[in-house]
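Worksheet: one structure, shown below.
None of the figures in this text is laboratory data; all of them are computed from the coordinates on show. Since this is a predicted model, take the numbers as computed values, not measurements. Please note: Cβ atoms are built from the backbone with ideal geometry, for glycine as well, and neighbour counts cover all protein chains shown.
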Amino acid sequence: MRLSVVVPLFNEAENLTPLYDRLSATMERIACDYELIFVDDGSSDDSLRVLEQLAERDDRVKFLSLTRNFGHEAASTAGLDVADGDAVVLMDADLQDPPELIDEMLERWVQGFDVVYARRSRREGESTFKRVAAFLFYRLMRRASALDLPLDTGDFRLMDRRVVESFRQLPERQRFVRGLLTWLGFRQTAVDYVRPARYAGAGKYSVWSLVRLGLDAVLGFSVVPLRAVAAFGLVSVVGATLFAAAVFGRSVLLGAAIADGTLTQLCIALFSGVQLVTLGVLGEYIGRIHGEVQRRPLYLVDRQRGWSSRAAGRRIDDGRERRPQVGSRRRAALTEADLPRVLAS
């Protein structure tokens, strides 16, 4: 069995060596063939230098360095594009995704699950505002999108080879990785854990980043905003009609005078607001269509180590034959010698 661990990162130089040490200890305990794939998403600190040092120490450490910061979703995709393990783990570099949890994920994978995602039962080292914001974010995102997104989960998960090969077939540029993995289906289950505080450094997700991530989730998987705008427009028209009827009725029945321009001003203000909101929502969807039609690469690789050929576009061919859907066959053939600790539990 071969296990790939994909770690997208941005300015995480302080965390990389401790992460490597814990990952290596976990992999040695599992006793399987493995590779550690780090994707440097245009870091401005010493992250790339640390990765080069780790690669010098251990030939199982591989890395891609992107030409600029393309975003977490693109960096995650870059790592999944080159991972060739029978099972692939996607995790962050800040040590809030404990490497030791991979043991339990592998147990569930051996039992037959295709995706094993880590679900946060508690968050440590975070402010009340951030915990409340995260709580609301996941629930609003799930309600607004057309997917049954698991609550309180990030990208930390283990995937069977079949899932990774299926993920590679998804062509969109503006992507929400955990949403796409949910959309794929397959047999999925959760592993609960307490999410620790960051080992070092500051978090990279601001409130605006979460808003953009939420927009990607909603606009990429749902037409709810369009329907909401249509409903809002209908309610506005009905409201304006009723108000106009009330004004005319008051004038006819009670003889009250209608102020000059009242109805005109009301209708202009009301319908202008409806039109602006509608144009804004339509603009978001059209903007996404524009980005997809341009067909620009999702990411570009500046430097790499661990593969024999230069990256081109979204796929790096390292000379090894791809083995679609091999994960399940390998999983079915696992023995206690392959996974001594996992299968002994």
(request) First check a/c for region 1-87, with a ≥ b ≥ c the square roots of the eigenvalues of its C-alpha gyration tensor; if it is under 1.5, answer rounded, and if not, answer prolate when a/b is larger than b/c or oblate otherwise. (result) oblate
(request) Convert each backbone phi in region 23-38 into a coupling constant with the Karplus relation 6.51 cos²θ - 1.76 cosθ + 1.60 (shift: θ = phi - 60°), then list the ³J(HN,Hα) values in order as whole Hz, x for Gly and Pro. (result) 5, 4, 4, 5, 5, 5, 5, 6, 6, 9, 5, 8, 9, 10, 10, 9
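Would you mind ranking SER4, SER236 by Cβ crowding within 10 Å, fewest neighbours first?
Ascending number of Cβ neighbours within 10 Å: SER236, SER4.
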(message) For region 47-100 and region 13-40, what is the centre-to-centre distance using only Cα atoms, to the nearest Å?
(response) 10
(request) Pull out the extension gain between LEU140 and THR278, defined as 0.36 nm times the separation in residues minus the alpha carbon to alpha carbon distance; nm, one decimal. (result) 47.6 nm
